[in-house]
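**Q** Sending over a structure as structure tokens; questions will come in a sec.
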Amino acid sequence: MFSLNRYVLGTMLGFAVAVSAAPAAQAQQYSAKTIMNYRKPSDAELHRKLTPEQFDVTQHAATETPFHNEYWDNHKAGIYVDVVSGEPLFSSTDKFDSGTGWPSFTKPLVPSNIKTDTDHLLGYARTEVRSAHANSHLGHLFDDGPKPTGNRYCMNSASLRFVPVDQLQAQGYGEFLSLFKK
């Protein structure tokens with residue numbers, strides 16, 4: 001498996017796309033305003049910036065191996081953002097152990113940053129989940145999650161970057177700090 005911690009992704013129009021282990025000083029800040037003007041990089045640029053697994057998952061709807069991915073068992077507080085664009089997608093406050101070996105969430109952090117479509121890659125209809133601005137394949141949505149939503153957003157770690165609570169402000173995601181205050 002490829003480790004996100006060995007890669008630092010470039011800046012896309014002034015917002016962070018740095019991996020979780022990168023020091024905040026190396027990351028540009030994310031801004032909700034800049035995401036609206038986001039332009040997806042070329043495949044050649046994405047090949048340079050992403051690991052082969054991240055590229056295959058986000059650009060070709062591949063699926064990583066369950067139980068052998070970076071975030072399936074992550075219990076730290078923070079948010080998960082698109083590894084390509086940096087758009088905020090999910091919060092650890094909505095993460096649960098689905099027993100599937102992939103990170104699973106009951107709802108998106110910013111619903112407008114998620115879009116769904118139907119895929120038939122396995123010969124039957126499934127609800128595919130993609131990021132709204134980068135159009136990255138994230139995973140699938142199932143209706144077997146916990147109450148109250150009943151949703152299980154089953155995501156690939158390779159499509160996500162985790163931003164811990166203590167890095168939210170420095171990386172431009174300070175608007176989400178209130179989720180973690182008691």
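**Q** How big is the equivalent ellipsoid of the range 139-178 along its three axes, where each semi-axis is √(5λ) from the Cα gyration tensor, reported in whole Å from largest to smallest?
**A** Numbers: eigenvalues 138, 42, 8 Å².
Semi-axes, largest first: 26, 14, 6 Å.
**Q** For each pair in Lys95/Lys182; Lys49/Lys147; Lys49/Lys182; Lys49/Lys95, compute the distance between the two Cα atoms and list the pairs where it is over 29 Å.
**A** On the way: Lys95/Lys182 18 Å; Lys49/Lys147 38 Å; Lys49/Lys182 37 Å; Lys49/Lys95 27 Å.
Going by Cα-Cα distance, Lys49/Lys147; Lys49/Lys182 fall outside the 29 Å limit.
**Q** Under a crude label model (7 Å from the Cα following the beta-carbon direction), how far is Lys147 from Ala44 in nanometres?
**A** Distance between the two pseudo-spin positions: 5.6 nm.
**Q** In the P(r) worked out for the range 66-172, what percent of Cα pairs fall beyond 24 Å?
**A** Details: 945 of 5671 pairs.
That tail contains 17 percent of the Cα-Cα pairs.
**Q** Show me, for the range 40-55, the HN-Hα J-couplings you get by feeding each phi into the Karplus relation (A = 6.51, B = -1.76, C = 1.60, θ = phi - 60°), rounded to Hz, glycine and proline as x.
**A** With coefficients 6.51, -1.76 and 1.60, one gets 5, x, 5, 4, 4, 5, 5, 4, 6, 8, 10, 5, x, 5, 4, 5 Hz.
**Q** Measuring from centroid to centroid over Cα atoms, what is the spacing of the range 148-166 and the range 38-53 in Å?
**A** 21
**Q** Less than 14 Å apart at the alpha-carbon level, and either on another chain or at least 8 residues along: which aspartates and glutamates does that give for Lys115?
**A** Result set, ordered by chain and number: Asp82, Glu87, Glu128.
**Q** Name the aspartates and glutamates eligible as straight-distance cross-link partners of Lys76: C-alpha to C-alpha under 17 Å, and not fewer than 8 places from it in the same chain.
**A** Leaving aside aspartates and glutamates fewer than 8 places away in the same chain, those within reach of Lys76 are Asp94, Asp97, Asp166.
Values in this text are rule-based calculations from the coordinates and carry no lab data. From a predicted model like this one, the values you see are computed outputs, not experimental measurements. Every residue, glycine as well, gets a Cβ built from its backbone with ideal geometry; the counts of neighbours run over all protein chains shown.
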